[in-house]
Amino acid sequence: MAKKLRFEDLESPLIHRRKVGDEFHIVGVIGLGVMGQGIVETISSAGIEVISVEKDDAALKTGLDGLNRAMDNEIKRWGKTASEKRAVLSRIKGTTNIADLKDVDIVIEAVDENFDLKRRLIEQFYAIAKPKSVFISNTASLSLTKLAGNAKYPDRIIGMHFLNPVPVVPLVEIVRGMKTSDATFALVKSFAQRIGKTPVEVFEYPGFITTRVILTMLNEAMHVLMEGIAKADDIDTAMKLGYGMQTGPLEMADGMGLDEVLMWMDALWRELGEPRYRPCPLLRRMVREGKLGKKVGEGFFTYNEDGKRK
């Protein structure tokens, strides 16, 4: 069995002679929403045990049921076999007690983009964690430096921005805060490669790479629709065929969740003050009306229970 990668190894001159792929035995994931489900599935699919934490029994059941449905949909599309699903689930343990993470080397939080909640989770984790454990935030827009501000070990806090759907998208952004250590970055980069992702290094800035660039396109597509220049389907068809995109910008926004897209745009609008991030009024109206995209069956398009466009 491969030796477990530890911080002691990373801090040694031998780090450069270690191979990517050293085994990570148990990883914690806090939050089992759509993003958390994808992260849990991806890690478990790489042969790593996962302890997934939710706030209460109802949320835990909802999250695990959602994970089951997502994998069933993959089986229908021939993307996964029933035996692979059983193997993935066998490596996942659900709990509502954050103290169950006391022995993990890495924990990933995938909760709502709420600064106070994420800061509180950092404090709770380091109250029970092993001294050299790493806390990874999946934030798409919040400051890692601020999150780590009063933390016990700010050098061990880092961002890892996954894109949805996590099991499919091969990219992950690794975001360094001001105090993130080289050892922490090296460990997380190795972990990203271990779970089959291509990591890109990002220094902290609102929106990082992917969120900052994609939001401007989504916002502009919404303006084109609102101004009556073209219908939603024609906008998406033009962008897919014209630029080789697998998914058009409006369906992409539906998949992200229009409430999430609005939250990210508002965050960048407040932080940067750039007009290009000012949310389209049509987006605000749709969120007010509860048309949040695929997760509720209606956004710019309508969807069946499997998330396919009607």
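The values are calculated or read from the model by the stated rules, or taken from the named source; none is laboratory data. All figures in this text were calculated on a predicted structure; none of them were measured in a lab. Cβ atoms come from the backbone with ideal geometry, glycine included; neighbour counts cover every protein chain shown.
I'm checking my understanding of the structure. Among residues of the stretch 203-227 that are among the β-branched types (V, I, T) and more than 15 Å from the chain's Cα centre (by Cα), which one is surrounded by the fewest Cβ atoms within 10 Å (Cβ to Cβ)?
V213
Being assigned to a helix (DSSP H, G or I) and either closer than 19 Å to V53 by Cβ or not charged (D, E, K, R) (or both) is the filter here, so list the residues in the stretch 123-171 that pass it.
E123, Q124, F125, Y126, A127, I128, L144, T145, L147, P154, R156
Check the stretch 74-89 and report whether any residue there is surrounded by fewer than 23 Cβ atoms within 10 Å (Cβ to Cβ), among the hydrophobic types (A, V, I, L, M, F, W, C) and outside any helix (DSSP H, G or I).
Yes, that holds for at least one residue.
Could you tell me whether any residue of the stretch 183-199 is in a loop (DSSP other than H, G, I, E, B), in contact (Cβ under 8 Å) with a residue 24 or more places away in the chain and of a type in the set (F, W, Y)?
no
Search the stretch 278-305 for residues being at pLDDT below 95 and in a helix (DSSP H, G or I), and hand back the single one that is farthest from the chain's Cα centre (by Cα).
Out of the qualifying residues, it is V296.
Is it true that I39 is in a helix (DSSP H, G or I), within 19 Å of the chain's Cα centre (by Cα) and modelled with pLDDT of 95 or more?
Criteria met by I39.
Go through (1) at pLDDT below 95; (2) over 20 Å from the mean Cα position of the chain (by Cα); (3) among the aromatic types (F, W, Y) and name the single condition Y243 misses.
Failed condition: (1).
Looking at the stretch 126-152 only, could you name the residues that are of a type outside the set (V, I, T) and in contact (Cβ under 8 Å) with a residue 40 or more places away in the chain?
The answer is K132, N138, A140, S141, L142, S143, L144.
Filter the stretch 113-122 for residues that are touching a residue at least 24 places away in the same chain (Cβ under 8 Å) and not in a helix (DSSP H, G or I) and give the result.
E113
Using beta carbons and a limit of 9 Å, which pairs, at least six apart or on different chains, have the first residue in the stretch 297-310 and more than 25 Å from C280 (Cβ to Cβ) and the second one surrounded by 13 or more Cβ atoms within 10 Å (Cβ to Cβ) and among the small types (G, A, S)?
Correct list of pairs: N304/G297; E305/G297.
Any residue at all in the stretch 239-254 that's more than 30 Å from D65 (Cα to Cα), small (G, A, S) and out of contact with any Phe, Trp or Tyr (no Cβ under 7 Å at 6 or more places or on another chain)?
Yes, the stretch 239-254 contains a residue that is more than 30 Å from D65 (Cα to Cα), small (G, A, S) and out of contact with any Phe, Trp or Tyr (no Cβ under 7 Å at 6 or more places or on another chain).
Mind checking which residues of the stretch 86-111 are within 21 Å of the chain's Cα centre (by Cα) and free of Cβ contacts under 8 Å to residues at least 60 places away in the same chain?
V88, L89, R91, I92, K93, T95, T96, listed by residue number.
Among the residues of the stretch 224-232, is there at least one that is in contact (Cβ under 8 Å) with a residue 40 or more places away in the chain and part of a loop (DSSP other than H, G, I, E, B)?
No.
Given the criteria in contact with a helix residue (DSSP H, G or I) (Cβ under 9 Å, 6 or more places away or on another chain) and at pLDDT 95 or above, does P275 qualify?
Criteria not met by P275.
Working carefully through the options A58, A70, A129, find the one that is among the small types (G, A, S), over 20 Å from the mean Cα position of the chain (by Cα) and crowded, with 16+ Cβ neighbours inside 10 Å.
So the residue among A58, A70, A129 that is among the small types (G, A, S), over 20 Å from the mean Cα position of the chain (by Cα) and crowded, with 16+ Cβ neighbours inside 10 Å is A129.
So which of E251, E305, E271 is surrounded by 13 or more Cβ atoms within 10 Å (Cβ to Cβ), out of contact with any His (no Cβ under 9 Å at 6 or more places or on another chain), outside the structural domain of F115 (by TED's automatic domain parsing) and farther than 16 Å from V213 by Cβ?
Only one candidate passes the filter, namely E251.
What's the number of the condition V172 fails, among (1) at pLDDT 95 or above; (2) assigned by TED's automatic domain parsing to the domain that holds L272?
(2)
Scan the stretch 240-264 for residues that are under 16 Å from D112 (Cβ atoms) and part of a helix (DSSP H, G or I) and jot them down.
Selection gives M256, L258, D259, E260, V261, L262, M263, W264.
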